[in-house]
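Written below as structure tokens is the structure these notes are about.
The values are calculated or read from the model by the stated rules, or taken from the named source; none is laboratory data. Values in this document were obtained by computation on a predicted structure and should not be read as measured data. Every residue, glycine among them, receives a Cβ derived from its backbone with ideal geometry; neighbour counts consider all protein chains shown. Areas reflect the complete protein model, heavy atoms only, side chains present, ligands, DNA and RNA absent. Shrake-Rupley method; radii C 1.70, N 1.55, O 1.52, S 1.80 Å.
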Amino acid sequence: MNGHAIFENVRRYRGIASLYRQTAAFRPSQRWSLLEQAGEWEARALSELEAYFAAPTDSAAPIAA
């Protein structure tokens, strides 16, 4: 997966987490479960970023002559 797709996924995951947090503000009876779900989407976004930056880049590989 290329970098653009990774960052698009991260943007999408954080947007979903934001919607859960906003919903939690207006539904006090469901607040904790909504915030938990928001945390799960944030964790998913973080794991995508960690995997992207931990993966070896192809530009570091030697070029065959």
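Computed values, structure above
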read-out	value
Number of the condition not met by R44 [criteria: (1) more than 30 Å from P56 (Cβ to Cβ); (2) open to solvent by 40 Å² or more (accessible area, probe 1.4 Å)]	(1)
Answer residue from segment 1-20, given it is assigned to a helix (DSSP H, G or I) and of a type in the set (A, V, I, L, M) and is nearest to the chain's Cα centre (by Cα) among those	V10
